[in-house]
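Enquirer: Quick one: the structure is below, questions incoming.
The values are calculated or read from the model by the stated rules, or taken from the named source; none is laboratory data. Everything quoted here is computed from the prediction, not taken from an experiment. Note that we place each Cβ from the backbone using ideal geometry, even for glycine, and neighbour counts take in every protein chain shown.
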Ligand code: AP5
Ligand code: MG
Ligand code: ZN
């Protein structure tokens, strides 16, 4: 299965991807996670990406396209779940070209939509595990023990770009540069609309229906 998860910041792409990767047995490829890892490691890529991420801007296309091509060239990427890529029309065109050349076109694009005012609260309340990356929310999905991950016991932290100011910038950048991709993929007959403004379990069930799988 070769899928793209498309949706604004806070739509629940990462939350759903954590479950989908297990259910579908395909790697979860998140450009945001790859950049955050590079920032943590202090690599040249991380230093470059950090400048953009901190201010809620997109990392330049040539950098982003390069890391995705490299990842999709690895042997486990026969199927994949792309999260946060593509985010611009040039990224989408480059992906189409790359996948066509290796004979593995996209199967579907899951467009997860959530009203803007809901997104701000989701993002400013999000906490992530510093060890395993699991997602939490101070109100919607609190951990059993405050500040600690249920899965691995790691410390929960707030992402540097989840302050209200940067969140608003990211939502603006989404509207300006990424929202048009819904139309781009509609023209190619790939879009499956998913209502992301409901319980995560319901969102997952709707994704299952959209993919023709009844996993409840
Ligand atoms: P990235 O990491 O991709 O961030 P994003 O797209 O802004 O999306 P988020 O990860 O914030 O949201 P999400 O949809 O995954 O939601 P989540 O499941 O966590 O990108 C970060 C930065 O990297 C970019 O700004 C850019 O600088 C750079 N970058 C990345 N990709 C790039 C690219 N292709 N090109 C250029 N630059 C790029 O959920 C959010 C919260 O809501 C959580 O707390 C969760 O618990 C809660 N929640 C989830 N689902 C529900 C639900 N159904 N009901 C209630 N709460 C929910
Ligand atoms: Mg995410
Ligand atoms: Zn953890």
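Enquirer: Considering only the range 1-29, how many residues are within 16 Å of ligand 3 (Cβ to nearest atom) and touching a helix residue (DSSP H, G or I) at 6+ places or on another chain (Cβ under 9 Å)? Please lay out each step first, then the result.
Expert: So in the range 1-29, the residues within 16 Å of ligand 3 (Cβ to nearest atom) come out as 14-15, 17-19, 21-22, 28.
Filter again for touching a helix residue (DSSP H, G or I) at 6+ places or on another chain (Cβ under 9 Å), leaving 14-15, 19, 28.
Residues meeting the conditions: 4.
Enquirer: Which residues, taken from the range 156-191, are in a helix (DSSP H, G or I) and farther than 25 Å from residue 57 by Cβ? Walk me through it before giving the result.
Expert: Let us first name the residues in the range 156-191 that are in a helix (DSSP H, G or I), namely 164-178, 180-187.
Once the filter is applied, which keeps residues that are in a helix (DSSP H, G or I) and farther than 25 Å from residue 57 by Cβ, the range 156-191 yields 186, 187.
Enquirer: Right, something else. For residue 90, only one of the following conditions fails: (1) out of contact with any helix residue (DSSP H, G or I) (no Cβ under 6 Å at 6 or more places or on another chain); (2) modelled with pLDDT of 95 or more; (3) farther than 27 Å from residue 206 by Cα; (4) within 12 Å of ligand 1 (Cβ to nearest atom). What is its number?
Expert: For residue 90, the exception is condition (1).
Conditions tested, residue by residue: (1) touching a strand residue (DSSP E or B) at 6+ places or on another chain (Cβ under 7 Å); (2) more than 16 Å from ligand 2 (Cβ to nearest atom).
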{"position": "159", "(1), (2)": "yes, no"}
{"position": "170", "(1), (2)": "no, no"}
{"position": "174", "(1), (2)": "no, no"}
{"position": "185", "(1), (2)": "yes, yes"}
{"position": "189", "(1), (2)": "no, yes"}
{"position": "197", "(1), (2)": "no, yes"}
{"position": "201", "(1), (2)": "no, yes"}
{"position": "215", "(1), (2)": "no, yes"}
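Enquirer: Also, quick follow-up: Between 20, 3, 81, which is more than 11 Å from ligand 1 (Cβ to nearest atom), crowded, with 17+ Cβ neighbours inside 10 Å, assigned to a helix (DSSP H, G or I) and within 15 Å of the chain's Cα centre (by Cα)?
Expert: Values: 3 fails: assigned to a helix (DSSP H, G or I); 81 fails: assigned to a helix (DSSP H, G or I).
Matching residue, one of 20, 3, 81: 20.
Enquirer: So is residue 54 touching a residue at least 60 places away in the same chain (Cβ under 8 Å) and either out of contact with any strand residue (DSSP E or B) (no Cβ under 9 Å at 6 or more places or on another chain) or buried (at least 16 other Cβ atoms within 10 Å of the Cβ) (or both) or not?
Expert: On the way: touching a residue at least 60 places away in the same chain (Cβ under 8 Å): yes; either out of contact with any strand residue (DSSP E or B) (no Cβ under 9 Å at 6 or more places or on another chain) or buried (at least 16 other Cβ atoms within 10 Å of the Cβ) (or both): yes.
Judged against the criteria, residue 54 is a match.
Enquirer: Looking only at strands (runs of 3 or more DSSP E) that lie completely in the range 90-155, which have at least 2 residues being crowded, with 18+ Cβ neighbours inside 10 Å and in contact (Cβ under 8 Å) with a residue 40 or more places away in the chain?
Expert: Numbers: elements: 108-113, 126-129, 135-137.
Ranges flagged: 108-113.
Enquirer: Given the conditions (1) modelled with pLDDT of 95 or more; (2) over 22 Å from residue 16 (Cβ atoms); (3) away from ligand 2 (no atom under 15 Å from the Cβ), report the number of the one that residue 102 does not fulfil.
Expert: Among (1) modelled with pLDDT of 95 or more; (2) over 22 Å from residue 16 (Cβ atoms); (3) away from ligand 2 (no atom under 15 Å from the Cβ), the lone unmet condition for residue 102 is (1).
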